[in-house]
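The values are calculated or read from the model by the stated rules, or taken from the named source; none is laboratory data. Given the structure is predicted, the values throughout are model-derived calculations rather than measurements. In this analysis, Cβ positions are derived from the backbone assuming ideal geometry, glycine residues included, and neighbour counts consider all displayed protein chains. What goes into the accessible areas is simple: the full protein's heavy atoms, side chains included, and nothing from ligands, DNA or RNA. Shrake-Rupley method; radii C 1.70, N 1.55, O 1.52, S 1.80 Å.
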Amino acid sequence: MLLLHCSMSYLLLLLPFSSWTQKLPTRDEELFQMQIQDKTFFHDSSVIPDGAEISSYLFRETPKRFFFVVEEDNTPLAITVTPCDAPLEWKLSLQELPEEASGESSGEPEPLEQQKQQIINEEGTELFSYRGNDVEYFVSSSSPSGLYQLELLSTEKDTHFKVYATTTPESDQPYPELPYDPRVDVTSLGRTTVTLAWKPSPTASLLKQPVQYCVVINKEHNFKSLCAVEAKQNVDDAFMMAPKPGLDFSPFDFAHFGFSSNSNSGKERSFLKSSAKFGRHIYSKPKVDLEKICIGNKNIFTVSELKPDTQYYFDIFAVNVNTNMSTAYVGTFARTKEEAKQKTIDLKDGKVTDVFIKRKGSKLLRFAPVSSHQKVIFFVHSCLDAVQIQVRRDGKLLLSQNVEGVRQFQLRGKPKAKYLIRLKGNKKGASMLKILATTRPNKQSFPSLPEDTRIKAFDKLRTCSSVTVAWLGTQERNKFCIYRKEVGDNYNEEQKKREQNQCLGPDMRKKSEKVLCKYFHSQNLQKAVTTETIKGLLPGKSYLLDVYVIGHGGHSVKYQSKLVKTRKFC
């Protein structure tokens, strides 16, 4: 069988001179393999080989015709048309060949003008027509000889498509077969994961041909062909490189129109970490929210890192590794589960509440004063790393800041107002904090703190048995307690950082570590400093010093720890 693709005028010139004056070639497998490897043989020509899938391009409202000859009666015939990124209208018709056109003819050909007239006068018989974007087939186990015409039209937009035709459909079988139940099942559904399962293709399980499966995930719709997926993925490149009218891409340029060679076999991957490579762009388009993952011959796959409460569409394609041709399973869709609703913690006026936040997590708190108030004060004590606090009053955002250590925020009040506080942890690790909300600023559980909470050690005053340190106070009279702990010589900043939980009070320390407690303050902030000499230490030893300030409500805050070392020789 010879397949021809041309305009009608070109066909009239080509057929009389080339085809009808000589024996028509049959399916010579050796010659066929040689021809499909030679791209110049088919590029922008009238010949389409028997038994190969070709790719081509349609301009909107511009029909394209494919012609091919079946030379013998009772010949099996199968034609598959695959739309890529737009619906197609196509029809198949048949014209009988003149007797002289037979490949077995040994007589003289008819005069050229007589052959032209015979083609023009015969309109042909329509065998099949279709309109839509499904992969559609025409199959006949016994087709008459004649000239077959396949006419295609795109009314929506310029588009790619694929055509496959063969006279040996039983032996070729380039497309993987689907199982008796071709549906894709959702076997597990979570907030960020979906597990899919499907029955294997008989092409792999029974015929033992190499088949791999490609999973496609997107948020818009299911796809009916892998060609449509690739057209969507490469929308920028595909339309930038559209051929000029009158020219086709090479039908066998599989590197441009076919499947990519990256299979990523056996590796589960998360959605939306796109691996598609885009070329240079003349104009920009939004990034396609779609992922194709080829997973080898597995028939179960878990998609991870999805968004909660979001609908996704899932498609599975069986791909024949030998032919690079694919068949679509019946796709499915699923909505991931919602995030677990956060429990809101109620704050009581003047009471300290302990809050724990997971890494990257958040907590919601609510403060609803029982009486009218002119202002409201929030005390936040971040025990470890910084946390973010947002405060809304009746839905309106009033405050959004990062907090380290102890911070106080004073906001204007409003009658019957309700406050919603969102606390967000950081990416490094879990967060702990204490928070207090009150409408009575004179009743404070948190002690007042200076801007600088470091402990200063005086190097010149170091001895073999003592060290002298100083720290700042405030105008408010508070109780200060100092503690010491002997540490090893290899104690470093990383270990000190791990022990920097500022919310742990002196009640968690050993009695033997306590040095002393004392009260002090100064109305003059320039003089609000106190010193203390810590005695009874061992020569050449390292000690970790901590100072705690304790408020009237009993809540304590730890200053920044200080690592000191006594002299070894005196």
Q.
Given the options K497, K510, K558, K485, name the one that is modelled with pLDDT under 95 and touching a helix residue (DSSP H, G or I) at 6+ places or on another chain (Cβ under 6 Å).
A. K485
Q | Members of segment 73-88 found to be buried (at least 16 other Cβ atoms within 10 Å of the Cβ) and closer than 19 Å to A165 by Cα, listed by number | A | T75, P76, L77, A78, I79, T80, V81, T82, P83, C84, L88
Q | Pairs where the first residue, in segment 376-395, is more than 16 Å from V557 (Cα to Cα) and polar (S, T, N, Q) and the second is open to solvent by 30 Å² or more (accessible area, probe 1.4 Å) and assigned to a strand (DSSP E or B), C-beta under 6 Å, 6+ apart | A | Q388/N402; Q388/K424; Q390/S400; Q390/R422
Q. Taking the stated definitions as given, is V303 loosely packed, with under 15 Cβ neighbours inside 10 Å, within 25 Å of V135 (Cβ to Cβ) and either among the β-branched types (V, I, T) or free of Cβ contacts under 8 Å to residues at least 40 places away in the same chain (or both)?
A. no
Q | Test result for D354, over 30 Å from the mean Cα position of the chain (by Cα), open to solvent by 40 Å² or more (accessible area, probe 1.4 Å) and more than 22 Å from F446 (Cα to Cα) | A | no
Q) If a residue has to be assigned to a strand (DSSP E or B) and closer than 20 Å to D50 by Cα to count, how many in segment 129-166 make the cut? A) 21
Q. From the list K479, K485, K527, which one is under 17 Å from A457 (Cα atoms) and charged (D, E, K, R)?
A. K485
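Taking S372 as the residue in question, decide whether it is without any contact (Cβ under 8 Å) to a residue 60 or more places away in the chain and farther than 30 Å from V216 by Cα.
yes
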Q | First in segment 513-533 and more than 13 Å from V547 (Cβ to Cβ) and open to solvent by 50 Å² or more (accessible area, probe 1.4 Å), second anywhere and not basic (K, R) and not in a loop (DSSP other than H, G, I, E, B), Cβ under 9 Å, 6 or more apart | A | Y519/N478; Y519/F480; H521/N478; L525/L472; T533/L461; T533/V467; T533/T468; T533/V469
Q) Residue check: is K337 outside any strand (DSSP E or B) and under 30 Å from P182 (Cβ atoms)? A) yes
Q. Can you name the residue in segment 445-466 that is closer than 30 Å to F378 by Cα and touching a Ser or Thr at 6+ places or on another chain (Cβ under 8 Å) and, of all such residues, is modelled with the lowest pLDDT?
A. S448
Q.
Out of everything in segment 329-350 that is touching a strand residue (DSSP E or B) at 6+ places or on another chain (Cβ under 7 Å) and open to solvent by 100 Å² or more (accessible area, probe 1.4 Å), what residue ends up being farthest from L423 (Cα to Cα)?
A. F333
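Scan the strands (runs of 3 or more DSSP E) fully inside segment 167-229 and keep the ones with 1 or more residues being aromatic (F, W, Y) and surrounded by fewer than 20 Cβ atoms within 10 Å (Cβ to Cβ).
Working: elements: 185-189, 194-197, 211-218.
In segment 167-229, no matching strands (runs of 3 or more DSSP E) lie anywhere.
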Q) Is at least one residue of segment 411-421 at negative phi, under 44 Å from the mean Cα position of the chain (by Cα) and open to solvent by 90 Å² or more (accessible area, probe 1.4 Å)? A) yes
**Q.** Restricting segment 311-323 to residues that are open to solvent by 30 Å² or more (accessible area, probe 1.4 Å) and at pLDDT 90 or above, the residue that is farthest from the chain's Cα centre (by Cα)
**A.** V321
Q. Here is a list of conditions, (1) open to solvent by less than 10 Å² (accessible area, probe 1.4 Å); (2) over 29 Å from Q233 (Cα atoms); (3) among the polar types (S, T, N, Q), and S56 meets all of them except one; can you say which number that is?
A. (2)
Q) Of the residues that sit in segment 465-487 and are among the polar types (S, T, N, Q) and out of contact with any strand residue (DSSP E or B) (no Cβ under 9 Å at 6 or more places or on another chain), which one is farthest from G540 (Cα to Cα)? A) Q475
Q.
Take N297 and tell me if it is closer than 30 Å to A52 by Cβ, surrounded by fewer than 16 Cβ atoms within 10 Å (Cβ to Cβ), at pLDDT below 95 and over 22 Å from the mean Cα position of the chain (by Cα).
A. no
**Q.** Filtered residue count, segment 396-436, keeping only those that are farther than 30 Å from Y559 by Cβ and part of a loop (DSSP other than H, G, I, E, B)
**A.** 6
